[in-house]
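Derivation of every value follows stated rules applied to the coordinates shown; laboratory data play no part. Owing to the predicted nature of the structure, the values given are computational and were not obtained by experimental measurement. When we count neighbours, we look across all protein chains shown, and the Cβ atoms used for this are built from the backbone with ideal geometry, even at glycine.
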Amino acid sequence: MIPKLNIVPFVSVDNMMKLVLSIGVERFLTELAEVVEEDFRRWESFDKTPRLAAHSPEGVIELMPTSDGTAYGFKYVNGHPKNSRTGRQTVAAFGVLADVGNGYPVLLTEMTILTALRTAATSAVAAKHLAPRGARTMAIIGNGAQAEFQALAFKSLLGIDKLRLYDIDASASQKCRRNLAGFGLDVTICGSVEEAVQGAEIVTTVTADKQYATILTDNLVGSGIHINAVGGDCPGKTELHADILRRADIFVEYPPQTRIEGEIQQLAPDHPVTELWQVITGQIPGRRDPRQITLFDSVGFATEDFSALRYVHSKVTGTAFFEELDMVADPDEPRDLFGMLLRAAA
């Protein structure tokens, strides 16, 4: 039977959770990372533009579109750090995947959970090429909604088995340790950033405040460390002291966006950076020697959401983890849209 073109699969929050758990969180992250890396390898086939952002004193609302010529995807996402005070998520998102050939949507899905998964998967993909070989210990500074995803992505892709956690809110670290119990990680809650980074080969910063901040100072960063800077992702929001940036080799997703939103907004507009896709495709080396400080200045880019959308689309097909939405008008005669409206009253 030919499927009705007006019916679009919709993956709700409930069904996304069921889908992830049916696959397994670590397998989901591993498979998603493979798709993210695959799309970075064909980077030049994508339409690329910085996200469209509407900033306010309270936060930001953004649209993140891209296309590879066959499929089109976009994500709607916000970032409102103060939301946690009222019991809301600081980030909420949904996304659409569409067929370029006819413009019809083929998937509508929640992307609050999916964004957390794809952010962690992308971080781990970058670290696979940039982190010290054989790294086993990671510090996570900021233990909010993203921390567990980061931990499991790095465990699954890089073999990280020791975590050192710090958050200004100790209950966040305790929450993180509880949630990760049973995943085979040795978790230590630390009393300061300084304590957390001791012995860590990878340092992930993932805080939420929308402000210039110095979460990590230069004196805490020794040679050979890989820094995964996740929290700085909009103008006026940073986590690292600028001196760290000047010592590190910096790797980014899309320079026109990262220079506005990332840690490198603190530097001159022509400060040298390397695009991650060039490392993944082997055009430019990533980590060259054991003493090198590498920094992935992660802000999140539309191709990563596109990867997540097409991964979910492939996994949800043939399952019960979606609902059917009557989303596109489908009159018997394509030119008679008004007649379809009138017949609805009959």
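For the peptides 264-275, 11-22, 323-334, the ranking by packing is 11-22, 264-275, 323-334, with the highest mean count of neighbouring Cβ atoms within 10 Å listed first.
Got the relative contact order for the range 131-301 handy, in percent, Cα pairs under 8 Å and 6 or more residues apart?
Values: 357 pairs, mean separation 37.5, N = 171.
Normalised by residue count, the contact order of the range 131-301 is 22 percent.
Compared with the dominant principal axis of the Cα atoms in the chain, helix 13-23 is inclined by about 70°.
One chain, two ends: His271 and Arg343. Fully extended at 0.36 nm per residue, the span grows by 19.7 nm beyond their Cα-Cα distance.
Adding -39500 (n - 2.57) for every DSSP H run of four residues or longer, then dividing by how many residues the chain holds, sets the calculated 222 nm ellipticity at -10000 deg cm²/dmol.
Determine the relative contact order of the chain: mean sequence separation of Cα pairs under 8 Å and six or more apart, normalised by residue count, in whole percent.
On the way: 695 pairs, mean separation 73.0, N = 346.
Across the chain, relative contact order equals 21 percent.
For the range 303-342, the residues whose amide N sits under 17 Å from a probe point set 7 Å from the Cα of Val100 along the beta carbon direction are 303-311. Against the chain, whose longest principal axis is taken from its Cα atoms, helix 170-180 shows a tilt of about 70°.
Take the Cα of Lys18, step 7 Å toward its Cβ, do the same at Ala242, and the gap between the two points is 5.2 nm. Secondary structure note: in the chain, about 50% of the DSSP beta bridges are antiparallel. How big is D for the range 107-177, in µm² s⁻¹ as a whole number, if Stokes-Einstein is applied with the Kirkwood radius of its Cα pairs at 4 °C and 1.567 mPa s? Estimated diffusion coefficient is 101 µm²/s. Counted over the range 131-301 with a bin width of 5 Å, the fraction of Cα pairs per bin, in whole percents, is 2, 9, 18, 22, 21, 16, 9, 3, 0, 0.
With an 8 Å Cα cut-off and a minimum separation of 6 or more residues, compute the relative contact order for the range 33-140 in percent. Kindly include the intermediate steps, with their values, before the conclusion.
Numbers: 148 pairs, mean separation 21.1, N = 108.
The value is 20 percent.
Positive end of the dipole of the chain (Cβ unit charges, origin at the Cα centre): among Thr319, Ile264, Pro50, the Cα lying farthest that way belongs to Ile264. Listed options for mean projected area of the Cα convex hull in nm² are (1) 24.1; (2) 25.8; (3) 19.6. The value calculated from this structure is the one marked (3).
Decide, for the range 52-148, between rounded, prolate and oblate: order the square roots of the alpha carbon gyration tensor eigenvalues as a ≥ b ≥ c, take rounded if a/c falls under 1.5, and otherwise choose prolate if a/b is larger than b/c, else oblate. It comes out oblate by the Cα gyration axes.
Estimate the FRET efficiency between Asp326 and Lys82 by the formula 1/(1 + (r/R0)^6), using the beta-carbon distance for r and 30 Å for R0, to the nearest 0.05. Once rounded, the FRET efficiency stands at 0.25.
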